[in-house]
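Right, one structure below, let's go through it.
The values are calculated or read from the model by the stated rules, or taken from the named source; none is laboratory data. What you see is a predicted model; the values in this text were computed from it and never measured. All Cβ positions, even for glycine, are placed from backbone atoms using ideal geometry, and neighbour counts span all protein chains on display. These accessible areas exclude ligands, DNA and RNA; they are computed on the full protein's heavy atoms, side chains included. Shrake-Rupley method; radii C 1.70, N 1.55, O 1.52, S 1.80 Å.
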Amino acid sequence: MVSISNNNNQKQLLSKIATNDGHGENSPYFDGWKAYANDPFHLTDNPNGVIQMGLAENQLCFDLIQEWVVNNPKASICTAEGAENFQDIAIFQDYHGLPEFRQAVARFMEKVRGDRVTFDPDRIVMSGGATGAHEMLAFCLADPGDAFLVPTPYYPGFDRDLRWRTGVQLFPVVCESCNDFKVTKKALEEAYEKAQQSNIKIKGLLINNPSNPLGTLLDKDTLRDIVTFINSKNIHLVCDEIYAATVFDQPRFISVSEIVEEIIECNKDLIHIVYSLSKDLGFPGFRVGIVYSYNDTVVNIARKMSSFGLVSTQTQHLLASMLSDEVFIEKFIAESSERLGERQGMFTKGLAEVGISTLKSNAGLFFWMDLRRLLKEATFDGELELWRIIINEVKLNVSPGCSFHCSEPGWFRVCFANMDDETMRIALKRISYFVLQPKGLNNIAAIKKQCSRSKLQISLSFRRLDDFNSPAHSPMNSPLVRT
């Protein structure tokens, strides 16, 4: 065991960045991941383990990807058919990236946006995933102590991506459930004014469209209001659009790139898009992040900064070939959308049949689940108490709203696209038995027994929660999840 004195000595020897808690790992969001890592669910090897529902991965269309890879062996330099290109791809490449890769990414971005806009391949800047893209833009646009406005609830990783190494702050734009957490002009103005009163310099606004964790889209009027707002304040707009191709129902996705073409008085130098292939294609391991800026200086500086997080040329080569296959891409986007819609519909319908509501959504790899009625007390302490029961006893890693900086307790993000159908049925069964216990967890042994029957088909013909006299359960005291 390392002593406190040794820890203090290490802090003196190392940098402040290395020893501070700016990574944000001390959060229920990451604690849930640790709980899963310590006891991962498996259909046969560990049927009583924690089911991972806190990871936004798109695993529903890997059969299509694998089929394409098998049918296109020349796309990889690590096959007999593609080995002739090994030397050309393996040798040094500059930080602009392979031209065919940038062209293919630009074309894919257009395709995802319904060919309503065009993107210049020369403005495509690579980074190590969206994480690297966000940090790169933060370094380009703001100095330590400056801040970005961010509507709540927002992705917990933003605290790491934009703040940890840059010294930049995130200032919340408080959004509320009474209007489905919509971003309003009033909320933007109030947040900006509050920051001014606190002597905080606002350098930009960060929006996530489609929203993580809400799974909702920004409509055209809201996007116009946002662009008008940032122009009036002369601050930057960073649009995270990494879930653009996950829309599975109307209304359609509208990119900020469409809005800037419509608004004549818009200062395009203030507009920047973050994109990646982690969510839309399901390739988080490839670490492909993109910065697309309308500002020439930002493009040039970001390209130099990209030296710290380039995408391997082997990955670029493979993806350039895949993304250039427009027949395949059209099929993939359509099939992915259909499968995401089916999975989300099955999950939310199953929850509704046991009295659990969710925020209406039509995009993303997750939904926003409302468990306010199950809180012992309507506080964030009450939310965490419920979350500990769900993760420790029900064995589901869902992420509590407080980790997303939600302004109201009782909301949870549930990821639905990172598991197979059988695991989804088991997850539904677990939460259904949990909710339908008239006295909460008084019969925890019965719940564990039901959770372990991994091969049973779930029946959604449950009584609604309203049938019980006491809809709120009595949470048990559980220790925080620890590594």
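For the range 56-65, in order, what is each residue's ³J(HN,Hα) by Karplus, 6.51 cos²θ - 1.76 cosθ + 1.60 with θ = phi - 60°, in whole Hz (x at glycine and Pro)?
With the stated coefficients, the range 56-65 comes to 7, 10, 9, 10, 7, 10, 5, 5, 5, 5 Hz.
Where does helix 185-197 land angle-wise versus the long Cα axis of the chain, in degrees 0 to 90, nearest 10?
Helix 185-197 sits at roughly 80 degrees to that axis.
Could you tell me how far the Cα centroid of the range 374-416 sits from the Cα centroid of the range 238-310, in Å?
What the calculation gives is 31 Å, centre to centre.
Which percent of the accessible heavy-atom area of the range 254-361 goes to carbon and sulfur, probe 1.4 angstrom?
Carbon and sulfur: 54 percent of the exposed surface of the range 254-361.
Given Cα pairs under 8 Å that are at least 6 residues apart, what percent is the relative contact order of the range 121-228?
Once normalised by length, the contact order is 28 percent.
Amide H neighbours of Gln169 under 5 Å, counting only residues 5+ apart in sequence or on other chains, H built in-plane at 1.01 Å?
It is Gly145, Asp146, Ala147, Phe148, by chain and number.
For the range 61-134, give the percent of accessible area contributed by carbon and sulfur heavy atoms, probe 1.4 Å, rounded to a whole number.
Reported share for carbon and sulfur atoms: 52 percent.
Work out, step by step, the length gained on full extension between Gln59 and Val327: first 0.36 nm times the residue separation, then minus their alpha carbon distance; give nm to one decimal.
Roughly 94.4 nm would be gained on extension.
How many nm is it between the label spots at His42 and Glu81, if each spot is 7 Å from the Cα in line with the beta carbon?
Label-label distance for His42 and Glu81, simple model: 3.3 nm.
Kirkwood-based Rg over Rh for the chain (C-alpha set), two decimals?
We get a ratio of 0.97 for the chain.
Using a 1.4 angstrom probe on the protein heavy atoms only, could you order Asp122, Asp269 from most to least accessible area?
Asp122, Asp269
Using modelled amide H (1.01 Å from N, peptide plane; none on Pro or chain starts), what sits under 5 Å from the amide H of Leu205, excluding residues fewer than 5 places away?
For Leu205, the qualifying residues are Leu149, His236, Leu237, Val238.
Can you give the translational diffusion coefficient of the range 1-97 in µm²/s, computed by Stokes-Einstein from the Kirkwood radius over Cα pairs at 4 °C and 1.567 mPa s?
My calculation gives 67 µm²/s for D.
How much FRET efficiency would the formula 1/(1 + (r/R0)^6) give for Gln93 and Lys360, where r is the Cβ-Cβ distance and R0 is 56 Å, rounded to 0.05?
With R0 = 56 Å, the Cβ-Cβ based efficiency is 0.80.
What is the distance, in nm, between label points placed 7 Å from the Cα along the Cα-to-Cβ direction at Glu342 and at Val117?
Placing both labels 7 Å along Cα→Cβ, they lie 3.1 nm apart.
Given a 1.4 Å probe, how much area per residue of the chain is accessible, in Å²?
Per-residue value: 44 Å².
Just list whichever of Lys74/Lys111; Lys182/Lys349; Lys16/Lys268; Lys111/Lys360; Lys16/Lys186 have alpha carbons separated by over 28 Å in the model shown.
Checking Cα-Cα distances, Lys16/Lys268; Lys16/Lys186 exceed 28 Å.
With θ taken as phi - 60° and the coefficients 6.51, -1.76 and 1.60, list the Karplus ³J(HN,Hα) couplings across the range 39-50 in order, rounded to whole Hz; mark glycine and proline as x.
Each residue's phi maps through the Karplus curve to give 8, x, 5, 8, 3, 10, 7, 8, x, 9, x, 6 Hz.
For the chain, what does -39500 (n - 2.57) per DSSP helix run (n ≥ 4), summed and divided by total residues, give at 222 nm, in deg cm²/dmol to the nearest 500?
So the helix-based figure for the chain works out to -11500 deg cm²/dmol.
Stretch Ser15-Arg252 to full length: gain in nm at 0.36 nm per residue minus the Cα-Cα span?
The span from Ser15 to Arg252 would gain 80.7 nm if fully extended.
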